[in-house]
1. With modelled with pLDDT under 95, under 30 Å from residue B:9 (Cβ atoms), among the aliphatic types (A, V, I, L, M) and surrounded by 16 or more Cβ atoms within 10 Å (Cβ to Cβ) as the only criterion, which of B:149, B:162 stands out?
2. If you go through the range A:134-152, how many residues are over 16 Å from the mean Cα position of the chain (by Cα) and either in a helix (DSSP H, G or I) or under 21 Å from residue A:63 (Cβ atoms) (or both)?
3. Among (1) buried (at least 24 other Cβ atoms within 10 Å of the Cβ); (2) in a helix (DSSP H, G or I); (3) of a type in the set (Val, Ile, Thr), which single condition is residue B:253 missing?
4. When you scan the range A:95-115, how many residues do you find that are within 17 Å of residue A:34 (Cβ to Cβ) and more than 7 Å from chain B (Cβ to nearest Cβ)?
5. Residues being surrounded by 21 or more Cβ atoms within 10 Å (Cβ to Cβ) and at the interface with chain B (Cβ under 7 Å from one of its Cβ atoms): count how many of those fall in the range A:75-94.
6. Just one of B:193, B:186, B:214, B:203 is surrounded by 21 or more Cβ atoms within 10 Å (Cβ to Cβ) and either out of contact with any strand residue (DSSP E or B) (no Cβ under 6 Å at 6 or more places or on another chain) or not in a helix (DSSP H, G or I) (or both); which is it?
7. Which of the residues spanning the range B:20-48 are among the aromatic types (Phe, Trp, Tyr) and surrounded by fewer than 24 Cβ atoms within 10 Å (Cβ to Cβ)?
Amino acid sequence: MLSPSILIAAIVNGLLSGAVYALVALGLTLIYGVLHIINFAHGALLTAAMFAAYFAYRMLGIEPYLAALLLTPAFFAIGYALQRFVIGPASHDDDRNMLLVALGLAVIIENALLSVFRADTRTIDLPFAFDGIDLGFMFLPLPRLIGFGAVFLVALALWLIMSATDTGRAIRAVAKEKLGAELAGIDVAHIYAVTFGLGTACVAIAACLLIPSYYVNPSAGNAFVLVAFTIVVLGGMGSVPGALIGGFVIGAVESLSSLFFGESLGQIGIFVLFIVVLLVRPSGLFGAQA
Amino acid sequence: MKGLAPIFAVIVVMATVPLLGVSNVTLNFLVVALMTALAGQGWNVLGGYGGQYSFGHAAFFGTGAYVTAVLQVRYGVNAWIAFGLGIAGGAIVAAVVGGLTFRSGLRGAYFALVTLAFAEVLRISASVAPITGAGVGTLVKLDLHAAALQFQNRAAFYWTILTLVAIALIVTRLVERSRFGVWLIAVRENEAAATALGVNATAVKLTAMVISGAITAAAGCFYVQYFLFIDSGLAYGTWISIEALLTPIIGGVGTVFGPLVGALLVRGLGQAAQLVAGGDVPGLDLVVYGCVLVLIIWFAPRGLIGAMAQLRTRSVRPAPLARAGHG
């Protein structure tokens, strides 16, 4: 039988990975909540941000946590521009076209990275990567603890933006009633782009938190985004607290099922959960009934 | 039937290509393009005519491929019979996935996600299950006889896939011209209105999905006979699902010839990009595919065929796809 300490270690590990999952899912759910599209480009943007964080350290010597201060606004701008000047005009206000344009962008970004950097896997070695807290029965690496804390800061910042700023109010208005918001003088195309930018900024922060303890290659982001889809569905599409809780739940479930069933079957467990939630309760466990 | 004449004309012209003395490289390119077209023709029945955008057609392609390979290798079933059962396997998977999702009323983005998830579950299962050869994959024994559905001559493979494409074109035309096709298009345009008029939307979508799954599975069955090897990534990889939707969207979504035109175009452009780059730049052809997809939706949302039809009628009014309401 498994000793309780192994079990606890697996759960804690799962919660630590769950934090980054939650951050990726936060961006996804924000975009879904306002634009009502599933952003298939999310994974490719995460990969791009991971490459950016990697080269910021390798070529300029900027540590990832410092790089986050630069990459977050940069990726906000990239996301804003993508929605405002590509996805928006290209999709003619049709939901299915938005899905396809986002998918097209994902294919372009991922394979452009592949063409330039090839399929090689890259990692960085930070001096403090192996520091951490030793609990006796398990070791808590510093980069993952920082990631855990940062997720709550980001969620808090998002909550403040949404509840206390005019832009946040406009975003919520567009999410609730697009036509009404438009009639009230809100520039919907701008709000869509701001939301897409915020979602992309989340991905940039996630990339900076991941890169100290993870590798990057042109398809590195995909693994996170498939899990993030699951979290968003579980937490209710468009629900920010749902994404946070969902992230931790999925992190723990993945870690535990890998422990009991092995890694491949653990992944199947996540997708089965995903399908069952979609079929039985598509509004998610925390979302309002559609 | 009037609508079948253009199909026969196109197929007869294409059938003469191997007689013109083209190289094996060209024939190989055409075989792969036609295989992509066939997978896209399957997607087009459900996505183009029914408006249900699947992001997981690899589930059908891969099942067709695995059934064909595993029956031959492990159970000694004749290749022709295995091929037929592979198509049936794809249809059954489609019936299961469609039955579950349409009954739950999933559509739009939710339908896209759930189909994607089914394909992923199958991919991971195939990568660990012993019957599929797990991570190693399944190798079909080389046996170059027509009885084993393998040919020494590349032209014979070309005519085989061309025949399959021809059958799929005819099926699509028959669907389009039938009462069922009218119901399907009605569901695409406005499901609530169609239901109010007495159309059983769930049954119509489910039937379309089964036809769609069977056609895409046929492409998977052919893949195995042509390459004699299959593994979980080749069978159920995300890329298969993307290619299946790429070709009809680019060629002309909801048109009979759309997938064929789209497949020849994207494969041709991909090949050209690699030639221009001079050598093997991984992913470059896919960058081209992605750009073509975005540009087509942007400037010709009804695909190449739709754009040409619009030019012919000199209509200046843009004709966007039926708008799906938000929320």
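1. Details: B:162 fails: modelled with pLDDT under 95.
Result: B:149 is the single residue among B:149, B:162 that is modelled with pLDDT under 95, under 30 Å from residue B:9 (Cβ atoms), among the aliphatic types (A, V, I, L, M) and surrounded by 16 or more Cβ atoms within 10 Å (Cβ to Cβ).
2. First pass over the range A:134-152, keeping only residues over 16 Å from the mean Cα position of the chain (by Cα): A:134-143, A:145-146.
Now narrow it down to the ones that are either in a helix (DSSP H, G or I) or under 21 Å from residue A:63 (Cβ atoms) (or both): A:140-143, A:145-146.
Total meeting the criteria: 6.
3. Answer for residue B:253: the failing condition is (2).
4. Count: 2.
5. Kept after step one, since they are surrounded by 21 or more Cβ atoms within 10 Å (Cβ to Cβ), are these residues of the range A:75-94: A:75, A:78-79, A:82-83, A:87, A:90-91.
Subsequent filtering for residues that are at the interface with chain B (Cβ under 7 Å from one of its Cβ atoms) retains A:90-91.
Residues in the range A:75-94 being surrounded by 21 or more Cβ atoms within 10 Å (Cβ to Cβ) and at the interface with chain B (Cβ under 7 Å from one of its Cβ atoms): 2 in total.
6. Numbers: B:193 fails: surrounded by 21 or more Cβ atoms within 10 Å (Cβ to Cβ); B:186 fails: surrounded by 21 or more Cβ atoms within 10 Å (Cβ to Cβ); B:203 fails: surrounded by 21 or more Cβ atoms within 10 Å (Cβ to Cβ).
Step by step, each of B:193, B:186, B:214, B:203 is checked, and only B:214 is surrounded by 21 or more Cβ atoms within 10 Å (Cβ to Cβ) and either out of contact with any strand residue (DSSP E or B) (no Cβ under 6 Å at 6 or more places or on another chain) or not in a helix (DSSP H, G or I) (or both).
7. In the first step, residues of the range B:20-48 are kept if they are among the aromatic types (Phe, Trp, Tyr); the result is B:29, B:43.
B:29, the sole residue that qualifies.
This table checks each residue for (1) surrounded by 22 or more Cβ atoms within 10 Å (Cβ to Cβ); (2) closer than 15 Å to residue A:27 by Cα.
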{"residue": "A:233", "(1), (2)": "yes, yes"}
{"residue": "A:239", "(1), (2)": "yes, yes"}
{"residue": "A:258", "(1), (2)": "no, no"}
{"residue": "A:268", "(1), (2)": "no, no"}
{"residue": "A:284", "(1), (2)": "yes, no"}
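The values are calculated or read from the model by the stated rules, or taken from the named source; none is laboratory data. Here the structure is a predicted model, which is why all the values come from computation and not from measurement. Here the Cβ is made from the backbone with ideal geometry for all residues, glycine too, and neighbour counts use every protein chain on show.
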